[in-house]
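Let me give you the structure first, and then I'll get to my questions.
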Amino acid sequence: MRHADELFQWLSDALVQHFSAQIAQFWVAQVDSQGQYFMKLQVLSSRDNSIPFRVALSKPFADLAGEIRSWQTDLPLSLVGNVFSSFQASLLQRYGSYYCCAEYLSSKGHYASRGQTIFMPLEAVALLFFNRPPQPDFPQSISYVLRLAMQLAESNDMLVSPSNAQSTAAGYRHQAAQKSTPALADLVPRRTANDDLMTTSNPLTSYVVITDKLARRLYREIDGQKSVQELCDATHLDIQAALQGLRILLHERYIELLDATGQSVDSSILLNNL
């Protein structure tokens, strides 16, 4: 195993095969674009393959996992009727799941789902369903196995340290900036028509004073027609130098960026990536 997701999948299969769970799920905490936490179902194992997705992947499961993460607590073995609505409980009982429990898991190491570039402290919830009460020592055994698995994940480099997570994220941002350069070269800078940018109240004065020589050199050539690459050709600057000068002009609101259709684009692609 090289990734925590592989460990989660192995654990969910083992819980179904060796601990008599009808359904085993691992929900992992994620953060959306607004900075809000939500729970993502990372792996799922089921003893009965006929259980439909609308039962095994229902929103009430995600809501329960979110509450457990929020409170950072475990759910002791309970009747599903005491945890879920009567409708959801009847669906679970129809497929042989009468009891449920959950374990809150966390680790000092950072984690990113496959295909993601954002590392964050690992918080997961193991949600388990049974058709009959397991043996009295089973919940304690399951808790021990899951917490030991988190320790093994960290000691076997399936998770990354906080310092390495920060450097890795910085590397991803640098790669993204490099990949975005060709697209930036096709954008067209245009001077803004903002009177607040004038350096004097004299109505006869229609120029701005730009102290940075590189930015001033670019500003002279900006006509709303030349692309960033064409500005590089006109000023004999390489793309990185030109982007640095454009960043200054954008920050001071002397210019805006247009795409190939003439629509204004978010200048943060320059302000944030350089």
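With each label point set 7 Å from Cα along the Cα-Cβ vector, what nm distance links PHE87 and ASP212?
5.7 nm
Under a plain spin-label model, where a point goes 7 Å from the Cα along Cα-to-Cβ, how far apart in nm are LYS108 and GLU221?
Result: 5.3 nm between the two label points.
Could I ask something else about it? Using the Cα centre of region 4-117 as origin and beta-carbon charges of +1 (Lys, Arg) and -1 (Asp, Glu), tell me which of TRP10, SER97, LEU77 is placed farthest towards the positive end of the dipole.
Highest projection toward the positive end goes to SER97.
Using the basic label-point model (7 angstrom from Cα toward the beta carbon), what is the ARG132 to ARG191 distance in nanometres?
Output for this residue pair reads 8.5 nm.
Multiply the residue separation of GLN229 and LEU77 by 0.36 nm, subtract the distance between their alpha-carbon atoms, and state the gained length in nm to one decimal.
Details: separation 152, 0.36 × 152 = 54.72 nm, distance 6.42 nm.
Extending this stretch completely gives an extra 48.3 nm.
If you don't mind, there's one more thing I want to ask. Dipole magnitude of region 1-136 about its Cα centre, charges +1 at Lys/Arg Cβ and -1 at Asp/Glu Cβ only, in debye to the nearest 20?
On the way: 10 positive and 10 negative charges, 42 e Å.
Dipole of region 1-136, to the nearest 20 debye: 200 debye.
Computed FRET efficiency, Cβ-Cβ of SER70 and VAL265, R0 45 Å: what is it to the nearest 0.05?
Values: r = 38 Å, r/R0 = 0.84.
For R0 = 45 Å, the calculated efficiency reads 0.75.
Where a number appears in this text, it was derived from the coordinates with a stated rule and is not lab data. Since we're looking at a predicted model, the values are computed, not measured. As a convention, Cβ positions derive from the backbone with ideal geometry for all residues, glycine included, and neighbour counts pool all protein chains shown.
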